[in-house]
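To start, the structure itself, in structure tokens.
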Amino acid sequence: MSEQILNTIQSLTTALIPAIVTIITYVCQSSQAKRHAAKQSILQMIMEDQLNWELFHKFPTNWGDVQNEYAIYHKNGGNGEVTKRVNDYNDWYLGVEKSLVNSKGGKQ
């Protein structure tokens, strides 16, 4: 009886360890993939807004989407590299808003 229990434990261990490792790997890779996708999206939208502003004086349209993607990036373990870019973008965006208000004779 005890040999049967040992065989059962050994069988379960042999099956469960690879399954657990697979699940952990999937979760880590999924988080990393989400973080990478959000980073790429953020950088693309920032560049698009700044380029459109410089070339066509078109008001930035991606601010809300950048904030949403940044939340995803941060939730999935993002680091300071993108945080600095988003902070710089937010400052730039506020400057654009302020310059438009000032150019239209509005109040600061």
_Skipping prolines and chain starts, which residues have an amide H placed within reach, meaning under 5 Å, of the one on residue 59, given they are 5 or more residues away or on another chain?_
none
*Taking Cα centroids, how far is segment 7-50 from segment 78-108 in Å?*
34
*222 nm mean residue ellipticity, helices alone, for the chain (DSSP H n ≥ 4; -39,500 (n - 2.57); rounded to 500)*: -31000 deg cm²/dmol
*In nm, spacing of pseudo-spin labels at residue 22 and residue 72 (7 Å Cα→C-beta vector)*: 2.7
_So for segment 2-103, if I pair up every lysine 8 or more residues apart or on another chain, how many of those pairs have alpha-carbons under 17 Å apart?_
5
*Using the reciprocal of the averaged 1/r over all distinct C-alpha pairs, how large is the Kirkwood radius of segment 2-103 in Å?*
16.7
*Förster-model FRET efficiency, 22 Å R0, residue 59 and residue 88, C-beta, rounded to 0.05*: 0.75
*Pull out the extension gain between residue 81 and residue 4, defined as 0.36 nm times the separation in residues minus the alpha carbon to alpha carbon distance; nm, one decimal.*
22.2 nm
*If we count other beta carbons within 10 Å of each Cβ, what is the order of 94, 55, 43, fewest first?*
55, 94, 43
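Laboratory data are not the source of any read-out in this text; all were calculated from the coordinates shown. Quick caveat: nothing in here was measured; it's all calculated off a predicted structure. Every residue, glycine among them, receives a Cβ derived from its backbone with ideal geometry; neighbour counts consider all protein chains shown.
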